[in-house]
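Please treat every number below as a calculation from the coordinates, not as lab data. For clarity, every value in this text was computed on a predicted model and none was experimentally measured. Here the Cβ positions follow ideal geometry from the backbone for every residue, glycine too, while neighbour counts run over all protein chains shown.
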Amino acid sequence: MKEVTVTDMEDNKKLFVANLAPEVTEGELAEQFSFFGRVRFVRIIEDKRIAFVKMFNSGDAYEAKLGLNGIELHGQRIWVEEAYPRKK
């Protein structure tokens, strides 16, 4: 697996979060991500238990990815990755 560096994420401030427990709220995610910088928005897709988090700064997004990937929230380890645009 290719290691992602902050320069790779230079323009990307949006993160994909997977494996969310049903109890996790947008507010809880915003709080967790805010430890790494200002959060622009959090949106949970309820039926898929995934979320998108957009930070104001790509460096903060990179640090949040490193700091939060694999942590446990409500008994489940979350997965945090850089979000990519949908393929058409």
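For the chain, excluding the exposed loop sites themselves (GluC sites (Glu not before Pro), DSSP loop, at most 12 other Cβ atoms within 10 Å), the longest remaining stretch covers 47-88. Projecting the Cα positions of G75, V39, N19 onto the charge dipole of region 14-82 (unit charges on Cβ atoms of Lys, Arg, Asp and Glu, taken about the Cα centre) puts V39 furthest along the positive direction. If a/c stays under 1.5 just call it rounded; otherwise compare a/b with b/c (prolate if a/b is bigger, oblate if not). Do that for region 14-82, with a ≥ b ≥ c from the square roots of the Cα gyration tensor eigenvalues. Cα axes put region 14-82 in the prolate bin.
Tell me, what is the percent relative contact order of region 14-82, built from C-alpha pairs under 8 Å that lie six or more residues apart?
Averaging sequence separation for qualifying contacts and normalising by length gives 43 percent for region 14-82.
Nearest 500 deg cm²/dmol is fine: what mean residue ellipticity at 222 nm does the chain get from its DSSP H runs of n ≥ 4 alone, each adding -39,500 (n - 2.57), divided by its residue count? When only DSSP H runs of four or more count, the value is -6500 deg cm²/dmol. With everything on Cα atoms, drop me the angle between helix 58-68 and the longest principal axis of the chain, reported from 0 to 90° to the nearest 10. The angle comes out near 40 degrees.
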